[in-house]
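The structure under discussion appears below in the form of structure tokens.
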Amino acid sequence: MTLHPTRRNFLRSSAAIASATLFPLPALAQAAPRVIVVGGGFGGATVARQIKAIDPKFHVTLVESSATFTACPLSNAVIGGLRDLKAQQFGYDKVRAAGVNVVIGTAIGVNTGSRTVRLTDATLPYDRLVLAPGIDIRWDGLPGYNEAASAKMPHAWRAGDQTTLLRSQLEAMEDGGLVVMSAPANPFRCPPGPYERASLIAHYLKTKKPKSKLIVLDAKDQFSKQRLFQNAWKELYPDHLEWVSLSSGGKVTSVDPATNTLTTEFGKHVAKVANVIPPQKAGRIADLAGVTNQTGWVPIDPMTFESRQIPGIHVIGDATIAGAMPKSAFAANSQGKACAAAVAKLLTGAKPPEPKLINTCYSLVAPDYGISVAGVYVPANGMLAEVQGSGGVSPLDAPRDVRVTEATYAEAWFRTITSEVFG
Amino acid sequence: MKALSAIAVAALVIYPGVVLAASDAPPGAASCSGCHATNAAVESPVPRIHGRNANEIVTAMAAFRTGALPSTVMGRIAKGFTDEEMHPIAAWLAAQK
């Protein structure tokens, strides 16, 4: 008898199961998977929108401390006087319109046991957490340099007020003044960034303050797009830009903001304008969540971007140890898309797909002179590795019109990616 | 009976199971929109590829890979994808608006 349920009984029990699943309504609302994303930059805003786009039933909350995002890519053009800071700034209205719950607030803790994120005035539960915190300055990484010193010797490595400060110092400087920049050892946000900045400062000096000069003190002997930059410097800025490598004594060992002095193992440089690009680490919430290792950065599983240290927390962008993939906005965007696909699968009990990622990064050497690096990446041996034979930099022997084209592509790329992420 | 059917339909709508396969981008495909705009309002000299004929995309990528079609970054990116990988990517791109 019990082995042969009547049709009526069968319908009754199905209805009961359906009712139990559907009602009461508050329980249903609770049942939708909750994703919290911390950090609303190129990685965070992307992953939030993508998860919502993959399945609107997911509850996605984006926590970001600033109502206005200031983009780093092309901010060197602001420093060089070629661009307004406003062109770098974006709000979150369109992210909200895409169905993401945007909370302007600061995440100050993660409870991995109860799976909650603590803000200053709220506690939010999650099923999966994505951290996209970018970088923090390692305030103990360079003797003499701290937060107060950055008001005198700006780093301008997180765009915004620091960008404006460095620009205004360059503008206020008299012709003939010495500008000194220090570049850190690897790893740091935007590997070609210091050299693009050096180029655009040199361009400003050459065109507006021709008796001035920029010295770049470097803690490295090699850097991204090096031969392209150095060839261009020789051609464009022979009298305005001097690069001092690690082996030539370029490593800055301490700074003194009172006298604007940068000290290396070989001597002292007193600057009229000093731009100190200090050592960095993953953004603070990564530390608070316990996903950083002894390097200060975050080891991740390249298949899913899930933390190697704490399950249920995914990390993307500049904060991660991503193998061959550089810390760039394009990489963060590409990782955001791959991470969204993985998180959506994991939340529905499915197997995440194996990702394939791309990076493309343009640098301006002058307003009409662009160079690029590109790469394609796949998980290999627990890291992200470049696909053999792919990628590389602009040709060294390219004619000038190619440099002009790449400069226009650099700006088009910025319009395109910011439209996708914030528009 | 009517009420029961309504519940059954509601259950189907609310619980579609896993994420729809149609929305799943093949590996690498989602990254294209970092440079190739999907928003018609964006001014860019970079060609639109979403909604484009799949065969054209596969052919162009093969030509970028060999250098038969000159490019700035596309040759370097095309070398990271085989023809076999490009077919589903091109089909996915073609299906996007």
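Quick look at the numbers
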{"read-out": "Between A and B, accessible area buried - total, square angstrom, nearest 100, 1.4 angstrom probe", "value": "3300"}
{"read-out": "Region A:149-280: relative contact order as a whole-number percent, Cα under 8 Å and 6+ apart", "value": "35"}
{"read-out": "Estimated inter-spin distance, residue A:380 and residue A:242, nm [label 7 Å along Cα→Cβ]", "value": "4.2"}
{"read-out": "Net charge over other residues, Cβ less than 11 angstrom from the Cβ of residue A:127 (K, R count +1; D, E count -1)", "value": "+3"}
{"read-out": "Under 5 Å, built H, 5+ apart or other chain: amide partners of residue A:63", "value": "A:37, A:38, A:39, A:103"}
{"read-out": "Cα long-axis angle, helix A:226-236 against chain A (0 to 90 degrees, to the nearest 10)", "value": "40"}
{"read-out": "Pairwise centroid distance, computed over Cα atoms, of region A:236-266 with region A:270-286, Å", "value": "15"}
{"read-out": "For region A:418-423, Karplus couplings with θ = phi - 60° (6.51, -1.76, 1.60), whole Hz, Gly/Pro x", "value": "5, 5, 5, 7, 10, x"}
{"read-out": "Accessible surface of the protein assembly as shown, 1.4 Å probe, proportion on carbon and sulfur as whole %", "value": "57"}
{"read-out": "Degrees separating the helix A:329-347 axis from the principal Cα axis of chain A, which is the longest one", "value": "10"}
{"read-out": "Shielding by partners, peptide A:346-355 (average Cβ within 10 angstrom, other chains)", "value": "2"}
{"read-out": "Residue B:69 accessible area, 1.4 Å probe, all protein chains in place, Å² to nearest 10", "value": "70"}
{"read-out": "Lysines whose Cα lies under 25 Å from that of residue B:79, excluding same-chain neighbours fewer than 8 positions away", "value": "A:225, A:327, A:337, A:356"}
{"read-out": "Rounded to whole Hz, the Karplus (6.51, -1.76, 1.60) HN-Hα couplings of region A:38-52, x for glycine and proline", "value": "10, x, x, x, 4, x, x, 5, 5, 5, 4, 5, 5, 4, 5"}
{"read-out": "Tilt relative to chain A, helix A:7-22 - C-alpha long axis, 0 to 90 degrees, to 10", "value": "30"}
{"read-out": "Solvent-accessible surface ranking, highest first, for A:171, A:420, A:411 at 1.4 angstrom", "value": "A:171, A:411, A:420"}
{"read-out": "Accessible-area value, residue B:52, 1.4 Å probe, nucleic acids and ligands omitted, Å²", "value": "100"}
{"read-out": "Theoretical FRET efficiency, 1/(1+(r/R0)^6), r = Cβ-Cβ of residue A:178 and residue A:227, R0 22 Å, to 0.05", "value": "0.25"}
{"read-out": "Shape category assigned to region A:288-374 from the gyration tensor of Cα positions, a/c cut at 1.5", "value": "oblate"}
{"read-out": "Nitroxide proxy distance, nm - points 7 Å out along Cα→Cβ at residue B:68 and residue B:41", "value": "4.0"}
{"read-out": "Environment charge of residue A:351, counting only residues whose C-beta is closer than 15 Å and scoring Lys/Arg +1, Asp/Glu -1", "value": "-3"}
{"read-out": "Between region A:326-362 and region A:55-126, the alpha-carbon center distance in angstrom", "value": "18"}
{"read-out": "Neighbouring partner chain Cβ atoms per residue of B:66-73, average, 10 Å criterion", "value": "4"}
{"read-out": "Interchain or long-range residues, amide H under 5 Å from residue A:314's placed H", "value": "A:129, A:130, A:131, A:307"}
{"read-out": "Virtual spin-label span in nm between residue B:97 and residue A:104, 7 Å along Cα→Cβ", "value": "3.0"}
{"read-out": "5 angstrom amide H check on residue A:134, placed H, neighbours 5+ away", "value": "A:283, A:318, A:319"}
{"read-out": "Average Cα contact separation per residue, chain A, under 8 Å, 6 or more apart, as relative contact order %", "value": "17"}
{"read-out": "Cα-based shape type of region A:149-280, given that a ≥ b ≥ c are square roots of the gyration tensor eigenvalues and the cut on a/c is 1.5", "value": "rounded"}
{"read-out": "Within-11-Å neighbourhood charge of residue A:384 [Cβ basis; K, R +1; D, E -1]", "value": "-1"}
{"read-out": "Normalised convex hull volume, the protein assembly as shown, alpha-carbon set, Å³ per residue", "value": "173"}
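The values are calculated or read from the model by the stated rules, or taken from the named source; none is laboratory data. Predicted model only: the values in this text are computed from it and were never measured. Positions of Cβ are backbone-derived with ideal geometry, glycine not excepted, and every protein chain shown enters the neighbour counts. To get the accessible areas, we keep the full protein, side chains included, count just its heavy atoms, and leave off ligands, DNA and RNA. Shrake-Rupley method; radii C 1.70, N 1.55, O 1.52, S 1.80 Å.
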